[in-house]
Amino acid sequence: MFAVLKTGGKQYKVASGDILRVEKLAASAGETVQFNDILMVGGTIGAPFVEGAGVQAEVIDQIKGEKLIHFVKRRRKHGSQRTKGHRQQLTLLRVTDILESGAADSGVKAAIGSGSVSGAAVEAAAPAPKAAKKPAAKAEKAAPKAAAGGDDLKKLSGVGPALEKKLHEAGVTSFAQIAAWSDADAEEFGEKLNFKGRIEREGWIDQAKELANG
């Protein structure tokens, strides 16, 4: 029996005993994790996921992918160019079991990406009781004020009002925050905000460092 699972924005067709590499998970070698986003298992197709299905896998090791070279050139009056290498962090897994049902009651740790929120944050983000809704509403009202007091992110190359709004909604309001991003942070925000590759192409991190220093 085979299943099609989704993790790290990618889909994998797997069977018991398969070895696969996925984007890094928050798990150690020897641990067993369970994927719950199952698009298909056997002859059952999900809508979009198959309810109750899961794929369990043992973590073999944390590894790195092949080295990729990025070349970025800015064609402007004060243009610049930069070459850098990147090796994607990956997790090597062995599929141990495919569950057609009952995955929610298996007791196996859910597979969570290391670049995503922590397990504690996931629990904190769960629907709160009715009594706790008022503080949450106050926090939402306070968010626009924090963004309004930040830097003018439209000074970054390629950033307009719509893109600036997306950055504010993601909690990014200052040049200092962007200047402190690592390559992994840039990739994560590119995936999260659906403009993958733009951060590197436009050289946001270098621009933010200059703007943050005045």
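Would you tally the residues in the range 42-65 being farther than 14 Å from residue 15 by Cβ, in contact with a Lys or Arg (Cβ under 7 Å, 6 or more places away or on another chain) and either outside the structural domain of residue 107 (by TED's automatic domain parsing) or of a type in the set (Gly, Ala, Ser) (or both)?
Summing the residues that are farther than 14 Å from residue 15 by Cβ, in contact with a Lys or Arg (Cβ under 7 Å, 6 or more places away or on another chain) and either outside the structural domain of residue 107 (by TED's automatic domain parsing) or of a type in the set (Gly, Ala, Ser) (or both) in the range 42-65 gives 1.
Restricting to the range 51-75, name every residue that is closer than 19 Å to residue 205 by Cβ and in contact (Cβ under 8 Å) with a residue 24 or more places away in the chain.
70, 72, 74
Return the residue satisfying two criteria in turn: it lies in the range 141-156 and is surrounded by fewer than 17 Cβ atoms within 10 Å (Cβ to Cβ) and at pLDDT 80 or above, and of such residues it is farthest from residue 198 (Cα to Cα).
Across the range 141-156, the extreme among qualifying residues is 152.
Pick out the one residue from 68, 39 that is in the same structural domain as residue 102 (by TED's automatic domain parsing), of a type outside the set (Phe, Trp, Tyr) and touching a His at 6+ places or on another chain (Cβ under 9 Å).
68
The values are calculated or read from the model by the stated rules, or taken from the named source; none is laboratory data. Predicted model only: the values in this text are computed from it and were never measured. All Cβ positions, glycine included, derive from the backbone under ideal geometry; neighbour counts span all protein chains shown.
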